[in-house]
There are 2 protein chains.
Amino acid sequence: MEQSQLFIKIALHAWEMNIKRTTAIFDSLTDEQLLTEIAPGRNRGIYILGHLVAVHDMMLPLLDLGQRQYLQLDEAFISNPDKAIADLPSAQDLRAYWTNINQILREQFNKLTPEEWLQKHTMITDEDFAKEPHRNRLSVLLNRTNHNAYHQGQLAWAKNK
Amino acid sequence: MEQSQLFIKIALHAWEMNIKRTTAIFDSLTDEQLLTEIAPGRNRGIYILGHLVAVHDMMLPLLDLGQRQYLQLDEAFISNPDKAIADLPSAQDLRAYWTNINQILREQFNKLTPEEWLQKHTMITDEDFAKEPHRNRLSVLLNRTNHNAYHQGQLAWAKNK
């Protein structure tokens, strides 16, 4: 395998491993558990679920891989904190969105060549990218993998002790 | 910049950003806050601090970059859960270890070439590595970056609401 392909394979493997672990936690939680604060005064599991779907969905335009699928989630899960918006999608719907958005990303990711991973994302100008070539699609992938791991650590505490 | 150097730069940047954010949280917490459970029945900040120092310390032999510095932390922070061992190092000492181990890793990481990042880590046999070349130093770096982000998400809840 070519060296640059190996780099991408490792980064995608880390992403997939993380998605798998987060999914396993969501699957282990009942809808009722998702609707309970993980710790007193902290986010509920359902908020983290909706938040992760919205952030992953935002990766489509950010990586120039397609249009948003779930723009309607932003108000409840991006622009506002948990419990600010009373009318949320059902846990069942959000679970389905989570599976779907990660599948769409997977299909798009698998089409990109190593060179395409090193191309700029859409939130940086050509001028800035010329100076900072590390602000590319691959860096977004690594950052979003870490973002997922960050919330995974919180979700782990939603499980019964 | 050569393509393979750019891949490494991006991975190291993600590591450093994460260490920086976790350090900022530790710095924002008093010793008393570190000694308090983050959520009822969950880990204290001091446990996560000692755990992260020990796990980062283990990266030295795992990546074949040197010997362990803080082997004495393993009993309290790796082999046992929080509150099982009463006699812990002080928060002050652990904060210094955290700064030190990350500095040692930084110096070692900066010496490695892209080719060396793709060499196997020390916990895999030559035979297995031949079949699974993605199980290399770089994959350890990405996994430990995620491990750090996972606990960072929990630490964020140690701060006052």
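If you add up the charges near B:Lys9, with Lys and Arg at +1 and Asp and Glu at -1, over every other residue whose beta carbon is less than 12 angstrom from its beta carbon, what do you get?
-2
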Legend entry - Lysine pairs in segment A:3-159 with Cα atoms under 30 Å, if 8 or more residues apart or on separate chains: 12
Inset, instruction - Report, for A:Ile85, each distance to the same residue's label point in the other copies, shortest first and in nm; define the point 7 Å along Cα→Cβ. - result: 4.6
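How would segment B:111-161 be classified by its alpha-carbon gyration tensor: rounded, prolate or oblate, with rounded meaning a/c under 1.5 and the a/b versus b/c comparison settling the rest? Present the calculation step by step, with values, prior to reporting the outcome.
Numbers: a/c = 4.80, a/b = 2.64, b/c = 1.82.
Judged from the Cα gyration tensor, segment B:111-161 comes out prolate (a/c at least 1.5, a/b above b/c).
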Legend entry - q = 0.09, 0.13, 0.15 Å⁻¹: log10 I(q)/I(0) that the Debye formula gives for segment B:3-159, counting C-alpha atoms only: -0.31, -0.63, -0.81
Inset, instruction - Compute the separation of the alpha-carbon centres of segment B:131-146 and segment B:54-113 and state it in Å as a whole number. - result: 19 Å
Inset, instruction - Could you state the accessible area per residue of segment B:3-159 in Å², with a 1.4 Å probe and every protein chain left in place? - result: 45 Å²
Legend entry - Normalised contact order of chain A, rounded percent, pairs of Cα under 8 Å and 6 or more residues apart: 34 percent
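Ballpark to the nearest 100 Å², how much total accessible area do B and A bury together, probe 1.4 Å?
Answer for the B-A pair: about 3600 Å² buried.
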Legend entry - Estimated dipole of chain B in Debye, rounded to 20 [Cβ of Lys and Arg +1, of Asp and Glu -1, Cα centre]: 540 debye
Legend entry - Cβ-derived FRET efficiency at R0 30 Å, A:Glu16 paired with A:Asp93, nearest 0.05: 0.80
Inset, instruction - Please report, in debye to the nearest 20, how large the charge dipole of the protein assembly as shown is about its Cα centre when each Lys and Arg carries +1 at its beta carbon and each Asp and Glu carries -1 there. - result: 320 debye
Legend entry - Förster radius 51 Å - calculated FRET efficiency between A:Lys159 and B:Phe129 (Cβ-Cβ, nearest 0.05): 0.90
Inset, instruction - Run the accessible area of the protein assembly as shown with a 1.4 Å probe and give the carbon-and-sulfur part as a rounded percent. - result: 50 percent
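Scan chain A and note any complete DSSP helix (H) whose C-alpha atoms cover at least 24 Å along its axis and whose Kyte-Doolittle average is 0.0 or more.
A:3-28, A:45-62
The values are calculated or read from the model by the stated rules, or taken from the named source; none is laboratory data. As the structure is a prediction and not an experimental result, all values here were calculated from the model. Heads up, the Cβs are rebuilt from the backbone with ideal geometry, glycines too, and the neighbour counts pull from every protein chain shown. In case anyone asks, the SASA skips ligands and DNA or RNA and just uses the protein heavy atoms, side chains included. Shrake-Rupley method; radii C 1.70, N 1.55, O 1.52, S 1.80 Å.
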